[in-house]
Amino acid sequence: MTVERGLRLMAGAFILLSLSLGYWISPYWYLFTAFVGLNLFQSGLTNWCPAMFILKRLGLRPA
């Protein structure tokens with residue numbers, strides 16, 4: 001698996017998880033959804049994301 005694919009899987013999982021928690025637990029979890037979205041937007045503009053650094057350290061290979 002590549003870093004880019006792992007990043008997309010992780011972001012999608014976080015978004016679905018935070019949407020579920022926002023619906024069933026507390027609407028404050030939607031702030032985490034917004035954080036993930038802003039981080040994806042920032043990553044698209046700068047081509048840098050902290051999660052990519054972590055995934056590289058875990059052994060995922062670059063594309």
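The values are calculated or read from the model by the stated rules, or taken from the named source; none is laboratory data. Quick caveat: nothing in here was measured; it's all calculated off a predicted structure. When we count neighbours, we look across all protein chains shown, and the Cβ atoms used for this are built from the backbone with ideal geometry, even at glycine.
A quick yes/no check of all residues on (1) more than 22 Å from Ile54 (Cβ to Cβ); (2) within 13 Å of the chain's Cα centre (by Cα); (3) at pLDDT below 95:
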site: Val3; (1), (2), (3): no, yes, yes
site: Gly6; (1), (2), (3): no, yes, yes
site: Ala13; (1), (2), (3): no, yes, no
site: Leu16; (1), (2), (3): no, yes, no
site: Ser26; (1), (2), (3): yes, no, no
site: Tyr30; (1), (2), (3): yes, no, no
site: Thr33; (1), (2), (3): no, yes, no
site: Asn39; (1), (2), (3): no, yes, yes
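If I filter region 5-61 down to residues being among the hydroxyl-bearing types (Ser, Thr, Tyr) and assigned to a helix (DSSP H, G or I), which single residue comes out as surrounded by the most Cβ atoms within 10 Å (Cβ to Cβ)?
Result: Ser18.
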